[in-house]
Amino acid sequence: MSDLALPVRVQVPLEQRLLRLGLLLALAVLLLGLVLPLGTLLLRAFEDADGHFVGLANFVAYVATPSLRIAAWNSLWTAALTTIIVVPLAFGFAYALTRSCIPGKGIFRAVMLLPVLAPSLLPALALIYLFGNQGMLRVLLFGESIYGPAGIVAAQVFYCFPHAALILAVALSTADARLYEAAEVLKAGRARIFATVTLPVARYGLVSASVVVFTLVVTDFGIPKVIGGQFPVLATDVYKQVVGLQNFNMGAVVGLVLLLPAIGAFLLDRWADGQRAGTLSGRAVPYVPKPRRARDLPLLALCLLVSTALVGIVGVAIWGSLVTFWPYNLTLTLNNYDFDRFDTAGWSALWTSVRIALAAAVCGTALVFTTAWLLERGAPGGKLGHAVRFIAGLPLAVPGLVLGLAFILFFNHPANPFGFLYGTLAILVLNGMVHFYTVMHLTAATAIRQLDPEFEAVGASLKVPAVVTFGRVTVPICLPAILDIAVYAFVNVMTTVSAVIFLYGPDTKPASVAVVHMDEAGQASAAAAMAVTILAVTCSVKLLQLASGGLVERLTQRWRRR
Amino acid sequence: MSAGLAEAPGAALAAAPAPYLVVDQVSKSFGTFRALERASLTVGAGEFVSFLGPSGCGKTTLLRAIAGLDPATSGRIVQDGRDITGLPPSARDFGIVFQSYALFPNLNVSENIAYGLRGKAWPRSRRQQRVAELLTLVGLADQATKYPAQLSGGQQQRVALARALANEPGLLLLDEPLSALDAIVRLHLRQEIRALQRRLGVTTVMVTHDQEEAMGVSDRVVVMSRGRIEQIGTPEAIYRHPATAFVAGFVGRSSHFDAVVDATPGMLRAEGLVLPCPATRGLLFGTQVSTYIRPEDVRLGPQAQALPGHFVAQVTHVEFLGPICRVSLEAGRLRLEADVHPSLVPAVGSDVMAALPEDRLLVFPQDV
């Protein structure tokens, strides 16, 4: 035997090289749709209108402008206030869903999701119906105005509630019954058990929920636009700088400022996520609550109250959209749905939105799922994989408004060979895919990680290409998750305003932008009608998913039954 | 006699048919961590070889290098005369059964077994025939249309075996194939795997951390520790003639104590006792040695009295194990275990005569 240890030259089969190529393609899409636009945004913040490098001059100008400083402060405190209101409410609601024996949990869960399906503009419009200048319940405000912080916070509470409640419901549902039994055997009282067992488990869920709500409020554009009145916030400032003043450089600066809380929140959430690992072992026994009136009745009351508010807000928007002349002539009519009378795009805006959302859902799901599989199984490891994985996590920290701004700065640049995309449907589709990439990626990666890590190895030993295993095993098993991803993409692209407000062209105005325009033009009823129409589309898609769920289950998930 | 000093005879004398698989100086690094250090071994055609060792010893790393799942960093692997070191798994000729079985949960038993039977070589009728053959072979002919989740652990393991054998691979790799099963099924299934392997004559490499399993089914056992091969030999050879202190301590039960080579040739001094041990004749006076003795080799009572170097020990504990009892003894600071027939068990606390037969002491010089 020789004493020489010759390094082994590993042959990379053609298939593996093709899979690497696929990963490269995904990287290219993410570079084009995220990294390069954000890079352009960053550069523009340090340039003047003529493209000369001016260092920090724009930032100095920003800090020196009192109105901009006030906007930043306004964004922060409204977000903080919303968080303080939403998180306890959502915790109570989630607690009721997971740790009590109240009836109708399924219905409460469905109602909880309602705001996710509606554009954020809808609660703002409904609040204007109730408390605006012609509001029915205006007297309840005792002369105060809903236009401003009060309206913003109220609408944000509605809009952010499901996001917080979902996170907390997940955090609370992973409870180990053995811990509760141990605490009880050690004679701990209810309050002590709550403080020492329940809260620690939900701790990181609470951090996550707070972070998500705070970020949503700071970065949301639709609500302050519609109900903010003269109250300036960061999101409306970006819009004003770019669309009103055509000052792209200052817009870029405000965009970067807007990025700060989002990145901070993102890092905090990452930290909480890392801390969470290992709180629940695989051998945990699921906690099953026992009925107890003293706990269940107040929780039921809370759920009823919250659900009534959620349904009520949506109900008001629907009612308002069906009324002839709010609040003086309450005869029902469909006139407000004759969108061609109010906006040049008319009904076609809705079809534009549906087409964008469909394309983003189909292309986005295919891209995201395939990429996640390549990262996890098909062609894992290597610098390329690390790069793609890192970039896939970024969109979560990039507010839609910032992404939209980055898109115009990048694609509108005269030297950009991809400039032809500007004003087309394609750019809106790309924007939608990238905007919601992280959550879709995490869903896909989680589903794939649950599969046995040796599937591809077994395939290789049997000389079956990894792509065949992907098609015959991975995709069929993950089909429910794939549907979830597609519906998530569809609903979010359908309802988002912030990312697309800068990007539409004359023939590609989406419905959510039409809502903003009709509201700006004083056509509040038509705006509400369009928002309701969007809600109807997203609700139908969600219902379709639920209905087809049974069919998909029967066709592809039969093996789950024992 | 000592196995540690002379070349272990069992290993060299093991029946060595024409080598089918040659592993030559194979190393594997993960970053700066050396998971495998210059491992060399050969496996004969039709032989059943087990890699045995504690977790983290590199046995799975070596198996995955042979499979090409995690290619070796350096060295050479030759299968059936072909250098496969750098080949991707798909270009090699093996079937593999994983610890988790990795059955495709959305495919039924037949579809799982037929997974690798594709392409022009396997038209529908031939494929069906082969699947039926394999189902009969593993005794699952009546379970063909069930999904993996509907099968017991043992049945799943058989499906995985049938799937691995479907293409008639030249080499069968088993990665802890039995560790997910409960004790009774394990015993039964390991005998079944062995019988099947004999019948098909397929060269087989199994990774296991269970020495009883390795000893029970293998032609030869490769004992590994910390990325190195400690010994290769028949089950009897590694038990009777362990090549290193690690093997003596890891394989089978043994009592361990440190000793020093005495001035008198062939004598050992340990914890105040002087023990005859011819195996130390070649060692210098004062050499520190690790000494092992198996419980079934320790003699008690009249048997002990007949041997030179016997000593008095106190019984501290008795463990009833069915056919025998394991007696814990203390002589000064020396602690020993001895196997005794249940009818001859001394009372706890009593003093008994004990002796360590000189040809049964396993001594290994300590590297200082």
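Readers should treat all values here as calculations from the given coordinates under stated rules, not as data from a laboratory. Being a predicted model, the structure only gives us computed values, none of them experimental. In this analysis, Cβ positions are derived from the backbone assuming ideal geometry, glycine residues included, and neighbour counts consider all displayed protein chains.
Structural size metrics of the range B:255-365, computed from C-alpha coordinates, are Rg and Dmax of 13.9, 43 Å. Counting only lysines at least 8 places from A:Lys383 when in the same chain, those with an alpha carbon closer than 22 Å to its own are B:Lys28. Pairs with C-alpha atoms separated by more than 26 Å, drawn from the list A:Lys290/B:Lys146; A:Lys105/B:Lys146; A:Lys187/A:Lys290, are A:Lys290/B:Lys146; A:Lys105/B:Lys146. Once both axes come from the Cα atoms, what is the angle between helix B:183-200 and the longest principal axis of chain B, in degrees from 0 to 90, rounded to 10? Relative to chain B, helix B:183-200 is tipped by roughly 60 degrees.
Take every residue in peptide B:99-109, count the Cβ atoms of other chains within 10 Å of its Cβ, and give the average of those counts. For peptide B:99-109, the averaged partner shielding equals 6.
Taking N as the residue count of the range A:341-562, its C-alpha radius of gyration divided by 2.2 N^0.38 Å amounts to 1.16.
With equal scatterers on the alpha carbons only and no solvent term, can you work out the Debye log10 of I(q)/I(0) for the range B:167-247 at 0.11, 0.19, 0.20 1/Å? Here log10 of I(q) over I(0) equals -0.31, -0.90, -0.97.
Where only DSSP H runs of four or more residues are counted, chain A gives -21500 deg cm²/dmol as its mean residue ellipticity at 222 nm, each run worth -39500 (n - 2.57). Working note: Karplus 6.51/-1.76/1.60 with θ = phi - 60° gives the range A:51-59 the couplings x, 8, 6, 10, x, 8, 3, 5, 5 Hz, where Gly and Pro are set to x.
Listed by chain and number, the aspartates and glutamates placed with their C-alpha closer than 12 angstrom to that of A:Lys509 are A:Asp343; residues fewer than eight positions away on the same chain are left out. For the range B:233-305, GluC sites (Glu not before Pro) are listed when DSSP marks them as loop and at most 16 other Cβ atoms sit within 10 Å of their Cβ; the list is B:Glu271. Partner shielding of B:215-226 amounts to 0, given as the average count of beta-carbon atoms from other chains within 10 Å of each residue beta-carbon.
PRE reach from A:Gln246 (point 7 Å along Cα→Cβ): which of the range A:34-70 fall under 18 Å by backbone N? Answer for this model: A:48-52.
The range A:36-95 and the range B:89-113 have Cα centres spaced 53 Å apart. The value of relative contact order for chain A, using C-alpha pairs under 8 Å at least six residues apart, is 22 percent.
Calculate the length of the line joining the C-alpha centroid of the range B:174-247 to that of the range B:250-325, in whole Å. Here the answer is 29 Å between Cα centres. For the range A:525-553 and the range A:445-494, what is the centre-to-centre distance using only Cα atoms, to the nearest Å? Answer, in whole Å: 26. Within a straight-line Cα-Cα reach of under 18 Å, A:Lys542 can be paired with the following aspartates and glutamates, leaving aside sequence neighbours fewer than 8 residues apart in one chain: A:Asp484, A:Glu553. Here the Karplus curve 6.51 cos²θ - 1.76 cosθ + 1.60, taken at θ = phi - 60°, turns the phi angles of the range B:245-258 into couplings of 4, 4, 5, 4, x, 8, 8, x, 8, 7, 9, 10, 8, 8 Hz, with x standing for Gly and Pro.
Near the amide H of B:Gly227, within less than 5 Å, lie the amide hydrogens of B:Gly58, all on another chain or at least 5 residues away, with H placed in the peptide plane. Helix-derived [θ] at 222 nm for chain B: sum -39500 (n - 2.57) over DSSP H runs of at least 4, divide by residue count, nearest 500? The helix contribution divided over chain B gives -6500 deg cm²/dmol. Each Cα pair under 8 Å and six or more residues apart adds its sequence gap; the mean of these over the residue count of the range B:255-365 is a relative contact order of 31 percent. The long axis of helix B:124-137 is offset from the longest Cα principal axis of chain B by roughly 20 degrees.
Full-extension gain between A:Lys290 and A:Leu56, please, as 0.36 nm times their residue separation minus the C-alpha to C-alpha distance. Computed gain between A:Lys290 and A:Leu56 is 78.1 nm. Database remark: amide H of B:Leu268 closer than 5 angstrom to the amide H of B:Asp262, B:Leu275, B:Cys277 (H placed geometrically; neighbours at sequence offset of 5 or more, or on other chains; Pro and chain starts carry no H). For the peptide A:462-468, the mean number of other protein chain Cβ atoms found within 10 angstrom of a residue's Cβ is 5.
Across B:Cys277, B:Cys325, B:Cys57, mean-square fluctuation computed from a Gaussian network of chain B (C-alpha pairs under 10 Å connected) peaks at B:Cys325.
Using θ = phi - 60° in the Karplus curve 6.51 cos²θ - 1.76 cosθ + 1.60, the 3J(HN,Hα) couplings for the range A:431-440 round to 4, x, 4, 6, 4, 9, 4, 4, 5, 4 Hz; x is entered for Gly and Pro.
Among the trypsin sites (Lys or Arg not before Pro) within the range A:292-369, those in coil by DSSP and having at most 15 neighbouring Cβ atoms inside 10 Å are A:Arg292. With the highest mean first, a sort of the peptides A:130-141, A:495-506 on other beta-carbon atoms found within 10 angstrom per residue produces A:495-506, A:130-141. Each Cα pair under 8 Å and six or more residues apart adds its separation to the average, and for the range B:211-257 the resulting relative contact order is 28 percent.
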